[in-house]
Structure formats: structure tokens, C-alpha cells
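Beneath this line is the structure, given in C-alpha cells, with notes to follow.
None of the figures in this text is laboratory data; all of them are computed from the coordinates on show. What you see is a predicted model, and the numbers here were worked out from it, not measured in a lab. FYI the Cβ positions are ideal-geometry reconstructions off the backbone, even for glycines, and counts take in every protein chain you see.
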Amino acid sequence: MELRRIRPDEHEAAGDVCVAAYDPLLTGAEDDYRERLHDVATRDAQAEVWVAVVEERVVGVVTYCPPGSPWREIGRQDEGEFRMLAVDPAAQGTGAGTALARLCEERAREDGAAGMALSSLATMATAHRVYARLGYSREPARDWSPVPGVDLLAFSKVF
């Protein structure tokens with residue numbers, strides 16, 4: 001598996017991976033979120049999109065939100081933040097999600113961060129297990145709702 005910055009010709013495939021991974025977990029209140037998930041080109045222009053690639057096929061994608069990125073949501077000044085971590089359903093369980101999360105941690109350290117923060121839908125139990133294995137803790141005081149009916153759980157990790 002190769003981890004690297006996304007290429008423009010992979011935006012569509014990465015968007016498809018995001019939607020496929022998130023779609024079963026979206027309940028309706030997040031319908032417009034599907035469009036945001038698929039719009040990898042905008043995220044790539046305003047943040048850093050990284051991919052996991054196997055045999056030239058995008059199997060995973062994550063958006064790392066460096067300091068100053070408009071994609072940051074809950075990250076404090078001394079924290080990194082990543083969003084929209086997604087693995088193609090056919091590739092889940094292969095370690096792509098864990099590898100992409102670790103890559104974001106490395107990027108945050110390069111940016112001088114002392115930790116990492118992220119938000120996750122309450123229904124993303126598999127992702128929560130990955131975060132726990134990586135040393136993330138729940139931060140209930142930072143839970144939030146971007147729109148009514150969409151409740152996000154906060155997680156953080158100190159490096």
C-alpha cells in the first residue's frame with residue numbers, strides 16, 4: 001500500500017470512496033454532506049488530501065487540516081486535525097484507515113502540534129475502535145452538532 005498526496009486525476013475516485021464508506025452511516029439529516037464528501041477537489045485546494053493506493057486504485061482517503069485551513073472544525077491551536085477518513089468498503093480491515101490516521105499524526109507533528117483532534121459521527125463504531133487503538137480518548141465536552149440531527153463525537157490524542 002502506498003500513502004501519498006492525492007493527484008488531481010484521482011479526485012473523482014477518492015470522492016467515490018468517501019461516499020461509499022459514509023453512505024450507510026448517513027441518516028438523512030446529512031444528505032448535503034454526500035456532496036461535500038464527494039468534492040475532493042475543493043478539500044485538496046483548501047487542505048491536504050492524502051490517499052492510500054493499492055495497485056493504482058484509491059482504497060482510502062483522508063483530509064488533513066493544517067493550521068489556517070477552513071476545513072478545521074474543533075482543533076485547538078496546538079492540535080492537528082483530520083476529517084473525512086474513509087476506506088473503500090471492499091478494503092476495510094486492511095489497515096488503510098490506521099495508516100492514513102498515523103500519516104495525519106506525522107503531518108501534525110511536522111506542523112508543531114502537540115496532539116490531534118477529530119470529530120466522528122456517533123454511528124461510526126468501527127472508526128471509534130481504530131481511534132481507541134491509536135490512543136485517542138473521547139472528549140464529550142467538545143461534542144457538537146453542525147446541523148440539527150447530526151451529532152458529532154470529539155476525540156483527541158496528546159503526542
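For the chain, give the magnitude of the charge dipole about the Cα centre (Cβ charges: +1 Lys/Arg, -1 Asp/Glu; no others), in debye to the nearest 20. Can you show the working numbers first?
Details: 18 positive and 27 negative charges, 123 e Å.
Roughly 580 debye, rounded to the nearest 20.
Picking from Tyr33, Tyr136, Tyr64, which is most flexible by a Gaussian network model of the chain using Cα springs under 10 Å? Highest fluctuation among the options: Tyr33.
Among beta bridges identified by DSSP and lying wholly in the chain, the antiparallel ones come to about 90 percent. Taking θ as phi - 60° and the Karplus parameters 6.51, -1.76 and 1.60, the scalar couplings of the stretch 123-136 work out to 7, 8, 4, 5, 4, 4, 5, 4, 4, 4, 4, 8, x, 7 Hz in sequence order, x denoting glycine and proline.
Computed from the C-beta positions of Gln92 and Ser137 and an R0 of 25 Å, the FRET efficiency is 0.60 to the nearest 0.05.
Which loop trypsin sites (Lys or Arg not before Pro) in the stretch 45-97, with loop taken from DSSP, have no more than 15 other Cβ atoms within 10 angstrom of their Cβ? In loop regions of the stretch 45-97 (DSSP not H, G, I, E or B), the sparsely surrounded trypsin sites (Lys or Arg not before Pro) are Arg76.
Note on Ala125 and Glu2: the model spin-label points, each 7 Å out from Cα along the C-beta direction, lie 3.7 nm apart.
Calculated on the Cα set of the stretch 70-150, radius of gyration then Dmax: 13.0, 36 Å.
Applying the criteria of a DSSP loop state and at most 12 other Cβ atoms within 10 Å to the GluC sites (Glu not before Pro) of the stretch 48-110 yields Glu55, Glu56. As a length-normalised measure over Cα pairs under 8 Å and 6 or more apart, the relative contact order of the chain settles at 20 percent.
If a/c stays under 1.5 just call it rounded; otherwise compare a/b with b/c (prolate if a/b is bigger, oblate if not). Do that for the stretch 1-81, with a ≥ b ≥ c from the square roots of the Cα gyration tensor eigenvalues. Since a/c reaches 1.5 but b/c is at least a/b, the shape of the stretch 1-81 is classed as oblate. Residues whose amide H comes within less than 5 Å of that of Val59, counting only those at least five positions distant or on another chain, are Ala52, Val53, Val54 (H built at 1.01 Å from N in the peptide plane).
With a ≥ b ≥ c taken as the square roots of the eigenvalues of the C-alpha gyration tensor of the chain, please select rounded if a/c is under 1.5 and otherwise prolate if a/b is larger than b/c or oblate if it is not? Working shown, then result.
Values: a/c = 1.35, a/b = 1.12, b/c = 1.21.
The shape class here is rounded.
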